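The structure appears right after this line, and notes come after that.
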Amino acid sequence: MPSAIALLGALDTKGAEYDFVRRCIHANGCKTLLIDVGVLDKPQVEPDVTRREVAAAAGVNLDELVQRRDRGEAVAAMSRGAGVLLPRLYQEKAFDGVLALGGTGGTSVACAAMRELPFGVPKVMVSTCAGGDVSAYVGVKDIVMIPSIVDVAGLNRISREVFARAAGAICGMCTATIQTGADRPLIAASMFGNTTPAVTAARKLLEAAGYEVLVFHCTGTGGRTMEGLVESGLISGVLDITTTEWADEIVGGVFSAGPTRLSAAARHGIPAVVVPGCVDMVNFWAPETVPARFSGRRFYPHNPNVTLMRTDVEENRRIGENMAEKLNLSTAPVTVLIPLRGVSMIDAPGGPFWWPEADRACYDALKEKLRPDIEIVEMDCNINDEAFARRCAETLLANIKAARPPS
């Protein structure tokens, strides 16, 4: 059976463009489901799913929305409606992938709906803002952004090529053969350059035990993505060796994953091992981007574009307290492992960030604030020592086993 592509757009202003894309998709052997999210004027082409249906999904009276002719209100309402309707249609097997075209308003509506779809559903957005920072539109979902080059305003020699290739891309994504390796349960692991040896060694042990390990780079987006996958129910265990994003959240660095970091596994009953890995460092871009209020602090040039700042005693205390607050929500086995000889490559005896008193402030806060039944294991080694990595892997396997219901 041919794959079906949902086309989500404002057919009052982009009708000709969507009609062109629809014909391109049909030429590629796929079907289409045209969904109208326009409000202000009549649709230029006949949709398969009307704007009235989209508005109703948001609990909005379309006639009243049209009468007010408030574009901002219309975008917000249709975003909500599309976010409800698109997942419902996907569950009904009405489409296999989704494609949208638009400027900032159309991108906002379409991406809001795409973010509600599961990981793995092909999602392509042709957008006027795709060449810039699209994090607000994409979030942590697997949305492919294609720059429209010219505005999505009519058909010309540039837009035809962009739209036709976008149509080919979504058709190819939907018909591609995927080898998922779905026979092995998944473990999520967090990693930074400064914890690579630890995570690599632990990953090999976990893979030898029959697990597939997904490694996430803790740059803010990586942590949020990992938390999102844990929320989705795909993950059997979490090896959270690198919780550095808490340092950025508390101190004001550029790699914060937000205040909910560490929450997903705790709230959803996923077994975990947690380490205060790389909480010795706050991340900024090039040296000139470091805020003036941090003048006089200890810095380390990770590379020309990333500057690390050493966290101090008070900051580490707050990091430990916040980590404990999240871990106290845990309903599955969780163990905190502490490497007494440093939490990163550069936080080691003789290293540029070696500051045992600062590390100890984090450790003491964890021990003071964690629930008594949450085990803390201290080891006289650095986070990247092989013995520490082995203990992390073995402890996570034990926690996963303990969480399984008796057969």
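The values are calculated or read from the model by the stated rules, or taken from the named source; none is laboratory data. Model, not experiment: these values are computed from the prediction. Backbone-built Cβ (ideal geometry, glycine too); neighbour counts: all protein chains shown.
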Those residues that are touching a strand residue (DSSP E or B) at 6+ places or on another chain (Cβ under 8 Å) and touching a residue at least 60 places away in the same chain (Cβ under 8 Å), I need them from segment 316-332; list them, please. Ile319, Met323, Leu327, Ser330, Ala332
Residues located in segment 337-396, provided they are touching a residue at least 60 places away in the same chain (Cβ under 8 Å) and either basic (Lys, Arg) or at positive phi (or both): Gly342, Arg390
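Could you tell me whether Gly154 is in contact (Cβ under 8 Å) with a residue 24 or more places away in the chain, within 20 Å of Met125 (Cβ to Cβ) and either out of contact with any Phe, Trp or Tyr (no Cβ under 9 Å at 6 or more places or on another chain) or not assigned by TED's automatic domain parsing to the domain that holds Gly9 (or both)?
yes
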Has segment 46-60 got any residue that is under 25 Å from Ala153 (Cβ atoms), touching a helix residue (DSSP H, G or I) at 6+ places or on another chain (Cβ under 8 Å), among the charged types (D, E, K, R) and modelled with pLDDT of 95 or more? yes
Condition set assigned to a loop (DSSP other than H, G, I, E, B) and in contact with a Lys or Arg (Cβ under 9 Å, 6 or more places away or on another chain), scope segment 27-40, selection surrounded by the most Cβ atoms within 10 Å (Cβ to Cβ): answer is Val37
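Every residue, every condition in (1) under 27 Å from Pro352 (Cβ atoms); (2) among the acidic types (Asp, Glu); (3) surrounded by fewer than 22 Cβ atoms within 10 Å (Cβ to Cβ), yes or no:
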| site | (1), (2), (3) |
| --- | --- |
| Gly193 | yes, no, yes |
| Val215 | yes, no, yes |
| Cys218 | yes, no, no |
| Val230 | no, no, no |
| Val238 | no, no, no |
| Trp246 | yes, no, no |
The one condition Arg160 fails out of (1) basic (Lys, Arg); (2) within 22 Å of the chain's Cα centre (by Cα); (3) more than 22 Å from Ala57 (Cβ to Cβ) is (2)
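Residues are listed down the side, and each one gets a yes or a no for (1) crowded, with 19+ Cβ neighbours inside 10 Å; (2) touching a residue at least 24 places away in the same chain (Cβ under 8 Å); (3) not assigned by TED's automatic domain parsing to the domain that holds Val162:
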residue: Asp12; (1), (2), (3): no, yes, no
residue: Asp19; (1), (2), (3): no, yes, no
residue: Ile25; (1), (2), (3): yes, yes, no
residue: Lys42; (1), (2), (3): no, yes, no
residue: Glu46; (1), (2), (3): no, no, no
residue: Val49; (1), (2), (3): yes, yes, no
residue: Glu53; (1), (2), (3): no, yes, no
residue: Glu64; (1), (2), (3): no, no, no
